[in-house]
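> The structure is given below, and queries will be raised subsequently.
The values are calculated or read from the model by the stated rules, or taken from the named source; none is laboratory data. This structure is a prediction, so every number in the text was calculated from the model and none was measured. Glycine also receives a Cβ, built like all others from the backbone with ideal geometry; neighbour counts cover every protein chain displayed.
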Amino acid sequence: MKEKFLRFMQGRYGLDQFSKALLIGGLIVVLLSSFFAGGRAGSLFYLLGWILIIYCYFRIFSKNVSKRYAENQKYLAKTYKIRTYIQQQKNSLAQRKVYHIYKCPGGCKQKIRIPKGKGKIEIRCPKCGTTFIKKS
């Protein structure tokens, strides 16, 4: 069975970031349609969600690899700022478990990372040279 599926998928585009976003977006819109059940808005949301899901599978099974690749690159270019912002926030949250992050009280507002559990320490800003005392 697995071999049949692999043979079927040979030469097809497959799953990429844009397809994942379409699938997740479609599922969310279909779930949202249940909150508007019975009305015209609910049926429109339901239809829109299924259109997104069907387009996702169309992209996955497409043999026009170059066109699907170009669509994915356009999607990645449009969402670059959002994806990098989210990644920075994840890194910041991970670092806050081990470090305190302070902003320089001087004019530069440089972020300075200090290990937790060292007591009161004097911190020197690497950018402007301002020194200040903080608890770590």
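> Please identify the pairs in which a residue from the stretch 39-63 that is in contact (Cβ under 8 Å) with a residue 12 or more places away in the chain has its Cβ atom under 8 Å from the Cβ atom of a residue that is exposed (fewer than 15 other Cβ atoms within 10 Å of the Cβ) and part of a loop (DSSP other than H, G, I, E, B), counting only partners at least 6 apart or on another chain.
Phe45/Phe36; Ile60/Arg12; Ile60/Gly14; Ile60/Leu15; Phe61/Arg12; Ser62/Arg12; Lys63/Gly11; Lys63/Arg12
> Related question: Please go through (1) farther than 30 Å from Phe8 by Cα; (2) in the same structural domain as Gln10 (by TED's automatic domain parsing) for Ala77 and return the number of the only condition it doesn't satisfy.
With (1) farther than 30 Å from Phe8 by Cα; (2) in the same structural domain as Gln10 (by TED's automatic domain parsing) applied to Ala77, the lone miss is (2).
> Something else now. Which condition does Ala41 not pass, out of (1) closer than 30 Å to Phe8 by Cβ; (2) touching a helix residue (DSSP H, G or I) at 6+ places or on another chain (Cβ under 9 Å); (3) in the same structural domain as Gln10 (by TED's automatic domain parsing), if it passes all the others?
(1)
> Select from the stretch 115-136 the residues that are modelled with pLDDT of 85 or more and in contact with a Phe, Trp or Tyr (Cβ under 9 Å, 6 or more places away or on another chain) and list them in ascending order.
Pro115, Lys116, Glu122, Ile123, Arg124, Cys125, Phe132, Lys134
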